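Note sheet for the following structure.
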Amino acid sequence: MKKPLTILFVALLLVTGLSAFQHLHAQSRGRISYEASRRIDPSQLRIVVNGQEVRPGSPDFPADVPDVRTFAQTLSFAGDYAKEVLEGGGGMMVRTVVDAGPGGGGSRGPQTTNLGRPFEESTYLNLQERSATTVLTLKKDDKTTEYRADAPIAKTEGWQLTDQTKKIAGYTCRKATVPFRKETYTVWLTTELPFTYSPIRELTPDKGVVLAVEGSTEQFRATKVDLKAPVAEADVRPGAQAQQVSEAELKELRDKARADFRQRMMDNFGGPGGGGRN
C-alpha cells in the first residue's frame, strides 16, 4: 500500500505545481491603468502673445493658465517585458483670439488648440534586468527616423516599509515612504503581482508593483489591473531598427524637435491676436 500512496502523493504534487505555474503564467501578461496628475512648473512654459514671448509675472501673462495637468499612463506587460504609454497632458497648446472686426461684436474669447508633439516617444522596460529603453521617432517631410537610448533603472535609497495596508484596484498594498526630489513620497505597493514596477521609474522598489504614488507635485493611482488583456511580448519589446544613441544625445534630439516645432508655430500663430504655449 505504501508504494501506490507514494505515487499518488507525487502525482498530486506535480498537479499542484503545474496549476501554480499556469496561474503565475496567466498573471505574467496584462495591463495596468493609472490616473495621474503633475503640477506644471511655470518657468518651463512658453507663452506668446501677439508674437512676443511673455514670462510669468508679466502683466500680459494669462491669468487662467492651468497649474496642474492630468493624464493617463498605461503599462502593458508580457513576460519579462513591458511598455509604458502616456495619454493626454502633453503637446504644444496654441491660444488664439479672433477679432470679429467693425460691427462684429468685438473679439471672441480665447480658443485653445492642442497641436500635439513634434515627435513620438515610447518607453520599454526589461523587468528582469531592471532597465529602460526610450525610443524617439522623428518625422521630417516623408522621412521617419527612430532613435533609442538604453539606461538602467536608478535605485532610490531610504525606503521605509510600514505595516499599514489598503486595497487599490483590488490588490492589497503596503504603505512605504521614501525620500525623493527633496521631499518624502508615499508609495503603496503590492507583492501580489509577479514582477516589479513603478510608474515613477526612480521609485521602483526591490520587490513589488507600485499602484499609487503621492507627492506634493505629482500623484499616480492605479484604477484597473487587467490580467486578461491580450498583450503579446512582441508588442512590448523595442524594435531593432532604431539608431542607438546616448541619453544626452536623445535629449538634444528631443529639445531640437521641440524648438523647431515651436518656431514654426510662432511663425504661423504669432501674429496680432495669436499666442501659444508649450
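So Gly89 clears everything in (1) of a type outside the set (Ser, Thr, Tyr); (2) modelled with pLDDT of 80 or more; (3) closer than 24 Å to Val187 by Cβ except one condition, right? Which one?
All conditions are met except number (2).
In the range 138-151, what count of residues is obtained for those that are exposed (fewer than 14 other Cβ atoms within 10 Å of the Cβ) and under 17 Å from the mean Cα position of the chain (by Cα)?
Of the residues in the range 138-151, 1 are exposed (fewer than 14 other Cβ atoms within 10 Å of the Cβ) and under 17 Å from the mean Cα position of the chain (by Cα).
Which residues, counting only those in the range 227-243, are crowded, with 17+ Cβ neighbours inside 10 Å and closer than 19 Å to Gln128 by Cβ?
Once the filter is applied, which keeps residues that are crowded, with 17+ Cβ neighbours inside 10 Å and closer than 19 Å to Gln128 by Cβ, the range 227-243 yields Val231, Val236, Arg237, Pro238.
Please list, ordered by residue number, the strands (runs of 3 or more DSSP E) wholly in the range 100-218 having 3 or more residues that are at pLDDT below 95.
Once the strands (runs of 3 or more DSSP E) in the range 100-218 are filtered for at least 3 residues that are at pLDDT below 95, what remains is 111-114, 119-126, 131-140, 143-152.
For the range 219-248, which residues satisfy the criterion of being farther than 29 Å from Cys173 by Cα and either in a loop (DSSP other than H, G, I, E, B) or in contact with a strand residue (DSSP E or B) (Cβ under 7 Å, 6 or more places away or on another chain) (or both)?
Pro238, Gly239, Ala240, Gln241, Ala242, Gln243, Gln244, Val245, Ser246, Glu247
The values are calculated or read from the model by the stated rules, or taken from the named source; none is laboratory data. The structure presented is a predicted model; accordingly, all values stated were derived computationally and were not measured. Cβ coordinates were reconstructed from backbone atoms using ideal geometry, including for glycine residues, and neighbour counts include every protein chain displayed.
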